[in-house]
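Below is one structure, written out as structure tokens, with a few remarks after it.
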Amino acid sequence: MVRIENIRKRFNGRDVLDGANMSVRKGEAVALIGPSGSGKTTLIRAVNGFVVPDSGKVIIRGKGINYRNKESLRHTRKKIGMIYQLFNLVERTSALENVMAGALGRLDNGVNLISSTIGLFNREERDKAMELLKFVGIGDKAFERVDRLSGGQKQRVAIARALMQDPELLLADEPIANLDPKTSRKILELLLRINMEKGITMICVLHHLDAVRDNFSRVVALKNGSICFDGETYTLTHDRIHDIYEFEEDTECLVA
Ligand SMILES: Nc1ncnc2c1ncn2[C@@H]1O[C@H](COP(=O)(O)OP(=O)(O)OP(=O)(O)O)[C@@H](O)[C@H]1O
Ligand SMILES: [Mg+2]
């Protein structure tokens, strides 16, 4: 489904991605971990085409991303749903309108919705958005303004918006970073249910190793821009975790 081949990206004279390689099979769910600044977000953005690698390739469904061709990029992104840490919703419009905006195809941070385009949605799209809000468990909040929703509810809206695109791939960049533990568990359960029931391939950046262990059978770790671990989660030993994080300040709390 996705193959990342020897991706390199330099920012300000520093190799942020330094020859990263990984593949994800269709229908698989993979957790992506690594210290802050190791390049996780940059890697995700190379997969959705918003970061143009200096060298290397990203191949999706057998086709290399053509970073120079806007039309082809748009086509690639159409099938990639994005979930963000800060939800990236339009706060002053309803949950339903945010979800319908997913039908417009993805812009980088999802907030480029123009309210006047709302009238362009047809009945079918509206019904689909409503169904998706029910599917993610907040059908009763469809007409609520997003700024009145809780963090967990906002993330559900964002997930429904991503599903509106009928994505083949979901990229979630720290989807639970701003949620309390109980809500985090529920949101991850929802994402994994989507992966299993709808067969949507998923790459999920996470910082909480217990959440990784509870939900993902495969984990990939980035360190200094290259992959330093890729394997079954149960083989991620304490020693390996220490290698990945190199006794980073927060490691103890991550492992706890
Ligand atoms: N557009 C950019 N311009 C310049 N530097 C950038 C840009 N994007 C990322 N970087 C740098 O690249 C490095 C890796 O950033 P990235 O956001 O990929 O890390 P990350 O692993 O996602 O970290 P975190 O866990 O904190 O989110 C950082 O040092 C960051 O400052
Ligand atoms: Mg990041």
Considering only helices (runs of 4 or more DSSP H) wholly within region 4-115, the ones with at least 2 residues that are within 16 Å of ligand 2 (Cβ to nearest atom) and not aliphatic (A, V, I, L, M) are 40-47
Of the conditions (1) touching a residue at least 40 places away in the same chain (Cβ under 8 Å); (2) within 16 Å of the chain's Cα centre (by Cα), the single one that D230 does not satisfy is (2)
Picked from region 168-193 (must be touching a residue at least 40 places away in the same chain (Cβ under 8 Å) and in a helix (DSSP H, G or I)), the residue surrounded by the most Cβ atoms within 10 Å (Cβ to Cβ) is L191
| query | Any residue at all in region 125-134 that is under 30 Å from V51 (Cα atoms) and at pLDDT 95 or above? | reply | yes
Next item on the list: Test S36 against the stated conditions and say whether it is within 16 Å of ligand 1 (Cβ to nearest atom) and hydroxyl-bearing (S, T, Y).
Entry: yes
Condition set of a type in the set (S, T, Y) and assigned to a strand (DSSP E or B), scope region 196-232, selection surrounded by the fewest Cβ atoms within 10 Å (Cβ to Cβ): answer is S226
Residue pairs within 6 Å by beta carbon, gap of at least six or interchain, first lying in region 70-99 and free of Cβ contacts under 8 Å to residues at least 40 places away in the same chain and of a type in the set (G, A, S), second more than 16 Å from ligand 2 (Cβ to nearest atom) and assigned to a loop (DSSP other than H, G, I, E, B), listed first then second, are S72/N66
For A46, the lone unmet condition from (1) in contact (Cβ under 8 Å) with a residue 60 or more places away in the chain; (2) in contact with a Pro (Cβ under 9 Å, 6 or more places away or on another chain) is (1)
When region 29-82 is checked residue by residue, the ones that are of a type outside the set (A, V, I, L, M), under 13 Å from L169 (Cβ atoms) and in contact with a Ser or Thr (Cβ under 6 Å, 6 or more places away or on another chain) are G49
Tell me yes or no: at least one residue of region 158-167 is modelled with pLDDT of 95 or more, within 12 Å of Y84 (Cβ to Cβ), under 15 Å from the mean Cα position of the chain (by Cα) and part of a loop (DSSP other than H, G, I, E, B).
no
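The values are calculated or read from the model by the stated rules, or taken from the named source; none is laboratory data. Note that this is a predicted model, so its numbers are computed, not measured. So basically every Cβ, Gly included, is an ideal-geometry build from the backbone, and we count neighbours across all protein chains shown.
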